[in-house]
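This report concerns only the one structure given below.
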Amino acid sequence: MERSRILPMEHPMDSAALSSAVNQLAETYPILTVSGIGKSILGKEIPVLILGQGKKQLLYVGAHHGMEWITANLLLRFVNEFCEFYDLGRPVYRKNLTDLWQSYTIHVVPMLNPDGIDYAIHGIDPENPLRSRVISMNGGKEDFGRWQANARGVDLNHNYDAGFDEYKKLEKENEIPCGAPTRFSGLAPESEPEVHALCNYIRFHAPLKAVLTLHTQGEEIYWKSHGKTVVGSEAAFRKLSLLCGYPLCEAEDLASYGGLTDWCIETCKIPAATLECGRGTNPLPISDFFPIYLRLREALFSFPTFF
Ligand SMILES: [Zn+2]
């Protein structure tokens, strides 16, 4: 029986489903480059899928947070459709994908936090060596359905080297414990292997034209860090906002420190934005996948051409 060339997205994407989908895409589309950026705390591969071979390079990143696995579904569907339409020679939103392939390289990391996603979907494995420590970080509960951090309780989107010391003060004021389901930033910037691997990947591929990070939820785009953005990037984000209908916003309080978007803008001077996909209560149900994807689809295909 011939396998479908467009993978179904009927289930939450855990790390096993991700690696099987990545293998299937690599078999079906030899043009797709599949590699890894590194490994998670529990030794899981963090795959990167590379579309195109152009000089202008961009990065899309999903699933920093455990409950936000739907962003991995979204990015995998984007990669899948890009390869499918490229193979068929079919334009998408009046764009010739062969031209796009020659001019741009889009690096896609669909799931930065495979351990946290597996905790949120399946709970914690009895064999997990961190089990008792992590259950106590989770307030003694075995229900990990609202877990956002990595395998050892560090929130990856606060572990980047951007306002880390200021955030540490807020952490104290807000009584965020050392190791928690959400918002603990770690002992030092890039202390977590997932973040360190991604930062190294970005440094290695410098200069990137832009970085787009998918989170849930809120239907908003965060494109500044403490009021700053990269000179000349405003037009691109305004176009992005028009295409998906999400307004441009500015992060406040705890949300405005130590994230990938902050690090790209402040340290690397790379235009970057956070897309808060969908609306509702995290974790968004898998039934939200199609409506969110349809809303973002043109934006994901078009964003590179703004640079
Ligand atoms: Zn998030």
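The values are calculated or read from the model by the stated rules, or taken from the named source; none is laboratory data. Predicted model only: the values in this text are computed from it and were never measured. Cβ: placed from backbone, ideal geometry, glycine included. Neighbour counts: every protein chain shown. SASA here: full protein model, heavy atoms, side chains in, ligands and nucleic acids out. Shrake-Rupley method; radii C 1.70, N 1.55, O 1.52, S 1.80 Å.
Can you name the residue in region 86-106 that is without any contact (Cβ under 8 Å) to a residue 24 or more places away in the chain and either of a type outside the set (A, V, I, L, M, F, W, C) or open to solvent by less than 10 Å² (accessible area, probe 1.4 Å) (or both) and, of all such residues, is nearest to the ligand (Cβ to nearest atom)? By that ranking, first place goes to LEU97. Of the helices (runs of 4 or more DSSP H) lying entirely inside region 147-265, those containing at least 2 residues that are more than 16 Å from the ligand (Cβ to nearest atom) span 164-173, 193-204, 234-244.
Results for (1) over 15 Å from ALA63 (Cα atoms); (2) under 18 Å from the mean Cα position of the chain (by Cα); (3) without any contact (Cβ under 8 Å) to a residue 24 or more places away in the chain, shown as yes or no for each residue.
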residue: GLY140; (1), (2), (3): yes, no, yes
residue: ASP143; (1), (2), (3): yes, no, yes
residue: ASN150; (1), (2), (3): no, yes, no
residue: ILE202; (1), (2), (3): yes, yes, no
residue: PRO207; (1), (2), (3): yes, no, no
residue: THR213; (1), (2), (3): no, yes, no
residue: GLU219; (1), (2), (3): yes, yes, no
residue: LYS228; (1), (2), (3): yes, no, no
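Please determine, by comparing only the residues of region 49-85 that are of a type in the set (Val, Ile, Thr) and within 11 Å of the chain's Cα centre (by Cα), which one is surrounded by the fewest Cβ atoms within 10 Å (Cβ to Cβ). Give the steps one after another, and end with the answer.
Taking region 49-85 and keeping what is of a type in the set (Val, Ile, Thr), we get 50, 61, 70-71, 79.
With the extra rule that they be within 11 Å of the chain's Cα centre (by Cα), the set shrinks to 61, 70-71.
Details: VAL61: 28, ILE70: 26, THR71: 28.
Looking at residues that are of a type in the set (Val, Ile, Thr) and within 11 Å of the chain's Cα centre (by Cα), I get ILE70.
Quick check, is GLY259 on the phi > 0 side of the Ramachandran plot and either out of contact with any Ser or Thr (no Cβ under 6 Å at 6 or more places or on another chain) or buried (at least 20 other Cβ atoms within 10 Å of the Cβ) (or both)? So GLY259 does not fit the description; no.
Scanning region 206-220 for residues that are closer than 19 Å to GLN53 by Cα, touching a strand residue (DSSP E or B) at 6+ places or on another chain (Cβ under 6 Å) and not hydrophobic (A, V, I, L, M, F, W, C) yields a count of 1. Residues of region 11-62 that are within 16 Å of the ligand (Cβ to nearest atom), closer than 28 Å to GLN102 by Cα and not in a strand (DSSP E or B): GLY62 alone.
If you go through region 11-39 and pick out every residue that is within 18 Å of GLU84 (Cα to Cα) and acidic (Asp, Glu), you end up with 1. Among the residues of region 262-307, the one identified as of a type in the set (D, E, K, R) and at positive phi is LYS269. Within the set of pairs 6+ apart or on separate chains, which have a first residue in region 1-15 that is within 16 Å of ILE117 (Cα to Cα), a second that is open to solvent by 50 Å² or more (accessible area, probe 1.4 Å) and at pLDDT below 95, and C-beta atoms under 9 Å apart? Between residues of region 1-15 that are within 16 Å of ILE117 (Cα to Cα) and residues that are open to solvent by 50 Å² or more (accessible area, probe 1.4 Å) and at pLDDT below 95, there is no close pair. The residues of region 83-141 that are among the hydroxyl-bearing types (Ser, Thr, Tyr) and closer than 24 Å to GLU68 by Cβ, listed by number, are TYR119, SER136. Here THR267, THR274 are screened, and the one residue that is open to solvent by 60 Å² or more (accessible area, probe 1.4 Å) and closer than 16 Å to HIS158 by Cα is THR267. Scan region 169-177 and give yes if some residue there is open to solvent by less than 40 Å² (accessible area, probe 1.4 Å) and under 24 Å from GLN57 (Cβ atoms), otherwise no. No, that holds for no residue.
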